[in-house]
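For reference, the structure discussed in these notes is given below.
The values are calculated or read from the model by the stated rules, or taken from the named source; none is laboratory data. Every value quoted in this text rests on a predicted model; they were computed, and no experiment measured them. Note that each Cβ is placed from the backbone with ideal geometry, even for glycine, and that neighbours are counted across all protein chains shown. To get the accessible areas, we keep the full protein, side chains included, count just its heavy atoms, and leave off ligands, DNA and RNA. Shrake-Rupley method; radii C 1.70, N 1.55, O 1.52, S 1.80 Å.
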Amino acid sequence: MKLYTKPGACSTADHIALQWTGQPFQLEILDKESMKAPAFLAINPAGAVPAIVDGDFVLTQNAAIMGYIADSFPEAGLAGDGSPRQRAEAARWLAFVNSDLHPAFKPLFGPAAFIGDESQHEAVKLAARKRLRSLFEAADRQLAGKQWLAGFRSYADPYLYITLRWAQGLSIDLSGLDHLAAFKARMEADPAVQKALKIEGLA
């Protein structure tokens, strides 16, 4: 299994998940230019990470890749203990990060995609910051009394962690969200997380 990643992108979450499995895998680190090069476009015509190649199977889309990692290495428990309920909980919080939290950053990275009038870009960014604060508050509430989003370590956790890194880089107000702060500290103390970040040049 080979993962294509770009340092600090959402694909770093897949890298952490693979490190959590404890199983061997290959990694190719891309940058903005190599993501648009013919060699990678043959794997993912969208020119986006993550992508996984496993034999003759090519898979894109972060949520699908996380599910594939979990199913390929079930002993890691990234989708729970095998019960429908735990799998649903893991999938619920993966969906929260993938479908709600991650897209909420997009107006900050490229407001022009949402409104053409440049004079309104700051208003779009402000609205995005308010929405992100609300979403992180929801995650903070979920983490009350828990170490992990789903109540057990799952593939949702590294994805949440990467969005927290983005939030820090963009100076999103996370003040008072103590459960999130404790979660981030736990992730950063994890040897597998440290290894993934070091390999990608992020630590």
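Looking only at residues that are touching a residue at least 40 places away in the same chain (Cβ under 8 Å) and in contact with a helix residue (DSSP H, G or I) (Cβ under 6 Å, 6 or more places away or on another chain) in the range 23-51, which one is surrounded by the fewest Cβ atoms within 10 Å (Cβ to Cβ)?
P50
Listed here are the residues, each with its yes/no results for (1) at pLDDT below 95; (2) charged (D, E, K, R); (3) open to solvent by 70 Å² or more (accessible area, probe 1.4 Å); (4) in contact with a Leu (Cβ under 7 Å, 6 or more places away or on another chain).
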site: Q120; (1), (2), (3), (4): yes, no, yes, no
site: R131; (1), (2), (3), (4): no, yes, yes, no
site: A150; (1), (2), (3), (4): no, no, no, no
site: I162; (1), (2), (3), (4): no, no, no, no
site: G169; (1), (2), (3), (4): no, no, no, no
site: H179; (1), (2), (3), (4): no, no, yes, yes
site: K184; (1), (2), (3), (4): no, yes, no, yes
site: L197; (1), (2), (3), (4): no, no, no, no
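Tally up the residues in the range 52-106 that are touching a helix residue (DSSP H, G or I) at 6+ places or on another chain (Cβ under 6 Å) and at positive phi, please.
1
Show the residue pairs that are 6+ apart or on different chains and have beta-carbon atoms under 7 Å apart, the first residue being within the range 1-22 and touching a residue at least 40 places away in the same chain (Cβ under 8 Å) and of a type outside the set (S, T, Y), the second being in a strand (DSSP E or B) and open to solvent by less than 10 Å² (accessible area, probe 1.4 Å).
From residues that are touching a residue at least 40 places away in the same chain (Cβ under 8 Å) and of a type outside the set (S, T, Y), the pairs are M1/I52; K2/I52; L3/I52; D14/L3; D14/T5; H15/L3; H15/T5; L18/L3.
Can you tell me how many residues in the range 52-65 are out of contact with any strand residue (DSSP E or B) (no Cβ under 9 Å at 6 or more places or on another chain) and either loosely packed, with under 12 Cβ neighbours inside 10 Å or over 25 Å from T163 (Cβ atoms) (or both)?
Result for the range 52-65: 3.
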